[in-house]
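J.: One structure follows; several queries about it will come next.
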Amino acid sequence: MPAEPNLQRSDAPRPKVGIVHLGPGAFFRAFNAPFTAEAIAKSGGDWGILTVSLRSTDIRDKLKPQGCAYTAAKLAPEGAEYTIVEVIDDVLVAPENPQAVLEAMADPGVKIVSTTITEKGYCHNPATGDLLLDHPDIAHDLKNSDSPRSAIGFVVHALNRRRLAGHAPFTFMPCDNLPNNGPLTRGVVMGFARALDPELAAWIEQFGRFPATMVDRITPATTPTDIAALATAQGYIDNACVMHEPFRQWVIQDDFVGDERPDWGGVGAQLVRDVEAFELMKLRCLNGTHSTLAYLGYLAGYETIADTVADPAFANLINALWKNEITPTVPQPEGEDLMAYCAALLERYHNPAIRHRTWQIAMDGSQKLPQRLLGTVADNLAAGRDIPGLALAVAGWMRYIGGIDEKGAAIDVKDPLADRLRAAYDSSDDPEQKIAALLAIDDVFAPDLAANAVFRNAVTQAFLRLVHDGAAATVQGFR
Ligand code: CS2
């Protein structure tokens, strides 16, 4: 049988580049890029995207042989739909040529720089939101204006080039799951700029724009099995394909330099004045329960989210979390119905066509917990409400980062703080001491939360149950 040919880009005209996007991972390819391609198809505009990998060559090596075209596969329980996306103009790998990246970002034709670099890419303290000036990449970038390593370093040095050349700044639009990501990003950019040059900082303060966004589409990492299934279905090999759920929601604060942006609103994005309530709803209702299912589901031996929620005890746990502990802390955003939103989430988690691994979501918990679970904990404590489900989720994370599963096998814990977390976990055999050592890590736990006796006690009790009974039985017994 002949092998399938590789996907090739069509010869449709290419839009000029108007966006530089840092982080061309699966989420960007399943979400931002198709939205932008649709906006161009509907309303035109020079909004081609130059993407930049900040570290690995992997995505460039997959996309370039295909002319940067790739397939986005929409996987519904009743079947798949495939779209070939042709909006990426090129992929640069920053460490190979940081100058080329800076030049691209400084080009006045580029109006927007956006990011999907995951939480840790912002080099901030997750508990406070402040830039980590002693982060090795930030310390490096403050001294090396021509060869930055971090996204923030690239953004500020490129903004400086634009200022010195007399151009307007680009809009910097973060698209990661961070609380209030616009103001947070403005804060880390300003922290860097102030440390670099007060005049530059004043210019960014005056002219810079940092729209907040809420982004949502479940997009598991692509596997070799996905590539093979696509080849069977479509008759070509696409090494850069992405698999995603049908649902998508993009809420964008309409605050762009010179009002210049693609017509995302024309293709379903919500352009609003205030994103914060949408972001809080999404981080707490979706990502909070996603992380809960990831840690406890992994410990219980479940490979994917769909497998985990197929266990009625886990579905019951997150239903109770939404009802009793999460939605009471979330103001209802305009046009949303919180309980309907959560019911739809459960449906989305059940989608059997989406194989989203618990291990993948469990990654980088130190960067995720504050906005997904701990803010919700703090609000409940302040209101005098109990936190049995949230405490169990936090205890599940603690058990997970301990690095040994319930059968005694090693867990491959991926987290920028993995070594610190493990050292704290291993610092004592006494569970209370262990938990005290973890709670003392103030990149994750704000000191007043760590000191709260109700919280400490609830987490300790849940942790003891997990160790004693295992995750499956503990979730089964959850009331
Ligand atoms: C997930 C998110 O990996 C994770 O931590 O919770 O990537 C989640 O799938 C998206 O935020 C959904 O929009």
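Matching residues to (1) within 16 Å of the ligand (Cβ to nearest atom); (2) of a type in the set (S, T, N, Q); (3) more than 25 Å from the chain's Cα centre (by Cα):
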| site | (1), (2), (3) |
| --- | --- |
| 204 | no, no, yes |
| 208 | no, no, no |
| 218 | yes, no, no |
| 228 | no, no, yes |
| 231 | no, no, yes |
| 235 | no, no, yes |
| 242 | yes, no, no |
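J.: Another question about this same structure. Quickly run through the stretch 384-409 and pick out the residues that are farther than 23 Å from residue 420 by Cβ and part of a loop (DSSP other than H, G, I, E, B).
T.: Answer for the stretch 384-409, where residues must be farther than 23 Å from residue 420 by Cβ and part of a loop (DSSP other than H, G, I, E, B): 384, 385, 386, 387, 406, 407, 408.
J.: How many residues, within the stretch 105-118, are on the phi < 0 side of the Ramachandran plot and surrounded by fewer than 20 Cβ atoms within 10 Å (Cβ to Cβ)?
T.: Within the stretch 105-118, residues that are on the phi < 0 side of the Ramachandran plot and surrounded by fewer than 20 Cβ atoms within 10 Å (Cβ to Cβ) number 3.
J.: When both residues are 6+ apart or on different chains and their Cβ atoms are under 7 Å apart, which pairs have a first residue that lies in the stretch 14-31 and is in the same structural domain as residue 57 (by TED's automatic domain parsing) and at positive phi, and a second that is among the aliphatic types (A, V, I, L, M) and within 16 Å of the ligand (Cβ to nearest atom)?
T.: 23/117
J.: Within the stretch 33-86, count every residue that is aliphatic (A, V, I, L, M) and either over 24 Å from residue 6 (Cα atoms) or more than 24 Å from the chain's Cα centre (by Cα) (or both).
T.: Counting residues in the stretch 33-86 that are aliphatic (A, V, I, L, M) and either over 24 Å from residue 6 (Cα atoms) or more than 24 Å from the chain's Cα centre (by Cα) (or both) gives 6.
J.: Also, I was wondering about something else. Is it true that some residue in the stretch 285-303 is over 20 Å from the mean Cα position of the chain (by Cα), at negative phi, modelled with pLDDT under 95 and not in a helix (DSSP H, G or I)?
T.: Within the stretch 285-303, none of the residues are over 20 Å from the mean Cα position of the chain (by Cα), at negative phi, modelled with pLDDT under 95 and not in a helix (DSSP H, G or I).
J.: I want to confirm something. Restricting to the stretch 347-368 and keeping residues that are away from the ligand (no atom under 11 Å from the Cβ) and in a helix (DSSP H, G or I), which single residue is nearest to residue 444 (Cα to Cα)? Break it down into steps so the answer makes sense when it comes.
T.: Taking the stretch 347-368 as the starting set, the residues that turn out to be away from the ligand (no atom under 11 Å from the Cβ) are 347, 350-353, 355, 366.
From what's left, in a helix (DSSP H, G or I): 347, 350, 366.
Numbers: 347: 31, 350: 30, 366: 6 Å.
The residue in question is 366.
J.: Restricting to the stretch 339-365, give me the number of residues that are more than 19 Å from the chain's Cα centre (by Cα) and either surrounded by fewer than 18 Cβ atoms within 10 Å (Cβ to Cβ) or within 25 Å of residue 121 (Cβ to Cβ) (or both).
T.: Qualifying residue count for the region: 9.
The values are calculated or read from the model by the stated rules, or taken from the named source; none is laboratory data. Predicted model, so just to flag it, every value in this text is computed and none were measured. With ideal geometry, Cβ positions are generated from the backbone for all residues, glycine too; neighbour counts draw on all protein chains shown.
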